[in-house]
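**Student:** First the structure, then my questions, so here it is.
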Amino acid sequence: MKHAARAAPRQQPRYPLLPGHLRRLAVVTSAVCAAITALLAVLVHHQTGAGFMDRKIDHLLHRSIGRHHGLLEPLARLGEQLPVTLMAVVLLLACLLVRRWNGAVLVAVGTSAAIVVTEYLLKPLVDRTLGGGESFPSGHATGMFAVATAFSVLIAAPPRLRLATWQRRVLTVCAFLFAASVPVAMVGLNHHYFTDIVAGAAVGIAVVLVTALVLDWLGGQWGNRLRLAHDASTRARVTALSGPSSRE
């Protein structure tokens with residue numbers, strides 16, 4: 001019992017969102033995404049046209065896929081607020097059904113925070129316009145990549161679902177390819193510049209990963225407090241039970 005009392009409590013929750021081997025990758029990825037967003041924001045600040053990084057890629061997309069409006073328009077609509085919200089709700093309900101509470105919080109907070117950062121912080125701050133409306137970062141890209149990132153985090157270490165490594169990788173790649181197709185369609189329709197969707201994707205990825213890291217840290221702190229309280233209660237019961245016998 002004394003040995004158990006001296007043992008250092010674990011610092012991670014029982015079912016973390018990000019397993020240990022992915023935590024450092026999440027930190028690095030978040031930092032890179034933040035740096036990309038900041039750099040692009042400086043470069044396109046107050047722009048009303050395509051920058052030097054946009055012209056070639058935008059022109060290529062306009063020529064290659066821009067003529068297929070019948071396909072691009074319904075695809076682009078998937079990045080609007082209602083479809084993105086429905087995708088997030090599906091993930092949220094799935095987490096609630098399996099009682100993965102931290103996953104539900106990740107979906108609710110992470111996706112919402114990413115959209116708020118894009119729509120209410122970065123768009124007014126950068127003030128890049130296309131057709132009279134603020135375009136940087138792309139809200140479609142932010143929402144789609146936030147949902148894709150949340151999905152990828154949830155399947156990284158599912159507590160009640162066994163997935164092989166290759167299965168997780170295939171699902172993750174498919175999620176991000178689907179997420180990328182929506183903002184690419186927006187560029188093809190000339191509703192966004194290429195750098196808009198790059199920044200939007202970076203914001204969606206970074207905000208959700210940071211949310212996951214924070215939730216894991218909070219889960220570790222809360223679990224640590226519960227373990228300390230349990231150990232203190234156990235020691236108190238042992239002392240109470242051994243007290244009379246020691247006096248005899």
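Every read-out reported here was derived from the displayed coordinates using simple, explicitly stated rules and does not represent laboratory data. Note that the structure is predicted; figures quoted are calculated from it, not measured. Backbone-built Cβ (ideal geometry, glycine too); neighbour counts: all protein chains shown.
**Student:** What is the gain in length, in nm to one decimal, between GLU119 and LEU86 on full extension, counting 0.36 nm per residue of separation less the C-alpha to C-alpha distance?
**Tutor:** 10.0 nm
**Student:** For a distance above 23 Å, tell me the whole-number percent of Cα pairs in region 19-105 that qualify.
**Tutor:** So the portion of pairs separated by more than 23 Å is 60 percent.
**Student:** Give me the percent relative contact order of region 17-221, please, defined on Cα pairs under 8 angstrom at least 6 residues apart.
**Tutor:** 38 percent
**Student:** Moving on. Are there any chymotrypsin sites (Phe, Trp or Tyr not before Pro) in region 136-211 that are in a DSSP loop and have at most 16 other Cβ atoms within 10 Å? List them by number.
**Tutor:** Sites meeting the loop and neighbour criteria: none at all.
**Student:** If each of LYS56 and VAL214 carries a label point 7 Å out from its Cα toward its Cβ, how far apart are those two points in nm?
**Tutor:** 3.8 nm
**Student:** Let me know the whole percent of all Cα-Cα pairs from region 17-221 that are separated by more than 28 Å.
**Tutor:** Counting every Cα pair in region 17-221, those more than 28 Å apart make up 27 percent.
**Student:** Also, I was wondering about something else. Report the Cα centroid-to-centroid distance between region 127-149 and region 51-102 in angstrom, as an integer.
**Tutor:** Here the answer is 10 Å between Cα centres.
**Student:** Can you pull out the trypsin sites (Lys or Arg not before Pro) in region 74-171 that DSSP calls coil and that have at most 13 other Cβ atoms within 10 Å?
**Tutor:** Here the sparse-neighbourhood loop sites are ARG99, ARG160, ARG162.
**Student:** Based on the mean of other beta carbon atoms within 10 Å per residue, what is the order of 197-208, 105-116, 44-55, most packed first?
**Tutor:** Highest-to-lowest ranking by the protection proxy: 197-208, 105-116, 44-55.
**Student:** Quick check: pseudo-label points 7 Å beyond the Cα along Cα→Cβ at THR48 and ALA34, how many nm apart are they?
**Tutor:** 3.4 nm
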